[in-house]
Amino acid sequence: MTGGEIVKVNGTLVNYYFHCKRQCYLFGNRLNLEDNSEEVKIGKAIHEQKAQESKNTEIAIENIRLDKLSGEYLTEIKKSDADVEASKWQLIYYLSVLKSKGIIRKGRLEFAEKNKKDSKVLYVELTEETEKQLQAYLQEIEELLEWDKIPECLNKQKCKKCAYYEYCYI
Ligand code: SF4
C-alpha cells in the first residue's frame, strides 16, 4: 500500500492482528473507516456508560486508553466476547506498557454484552512467557504493516460485523 504513514503499534492494532491481519494492515496504514460503523458506536456507548458508572476513572497513557486502573487490576471493557484471544492480547500489551512505566498490574477483561445482564470476566497476567510471546507478536505486526500488498479477505462470518466489510466486499 502506498501513501499513508504507518502508525506505531498500539493496543488496537494488537487486537486487530488477532481478529484479522487484513484489518490490522488497513488500520495500521491509516485506512480508518471505523467512525461509521454501528458496532463501533455501540462499543463507544457501552464504554461511555461504564466510564460514568466508574466515575470517570478512565485514564490514558501515551496512545493507550485504559478503562480502569485499580491497585491490583487494569480492567478493560469489551462490548462482546466474540474474539476473546484478540481482547486478551490487547490487554497483555497494555499491561506490558504499564510495566515499562513501573506500574505492575494484573489484567481483568469484562465483556459487557448488549442484551445480557451479567458480564463475563476473564483474568490475565503478565508472565515471562506471555511477555516473550507478546514481543514476538509485536515484531510480526511491525512486519505485517510493512507488506507492500494488502492481506487477503478472510471470508468469514465475523466479516459481517467488521467496520471494513464494505471496503472488503462491496
Ligand atoms: S471484513 Fe473481514 S477480511 Fe475485511 S478487514 Fe474485516 S474481518 Fe478482515
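Each value in this text was obtained by applying a stated rule to the coordinates, not by laboratory testing. Not measured: the values here are computed from a predicted model. As a convention, Cβ positions derive from the backbone with ideal geometry for all residues, glycine included, and neighbour counts pool all protein chains shown.
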Cross-chain or 6+ apart pairs with Cβ under 7 Å, region 141-170 first and over 12 Å from C24 (Cβ atoms) and assigned to a loop (DSSP other than H, G, I, E, B), then of a type in the set (A, V, I, L, M) and more than 7 Å from the ligand (Cβ to nearest atom): A163/L33; A163/V40
Selection count where residues are within 12 Å of the chain's Cα centre (by Cα), closer than 13 Å to V14 by Cα and either among the small types (G, A, S) or outside any helix (DSSP H, G or I) (or both), scope region 79-99: 3
Residue satisfying condition, being buried (at least 16 other Cβ atoms within 10 Å of the Cβ) and either more than 16 Å from the ligand (Cβ to nearest atom) or farther than 27 Å from R22 by Cα (or both), within set L98, L145: L98
Neighbours by Cβ (under 8 Å, 6+ apart or cross-chain): first from region 96-107, farther than 17 Å from Y137 by Cβ; second β-branched (V, I, T): L98/I61; L98/I104; K101/I61; K106/V124
Index of the failed condition, P151 passing every other in (1) of a type outside the set (S, T, Y); (2) under 17 Å from the mean Cα position of the chain (by Cα); (3) within 16 Å of the ligand (Cβ to nearest atom): (2)
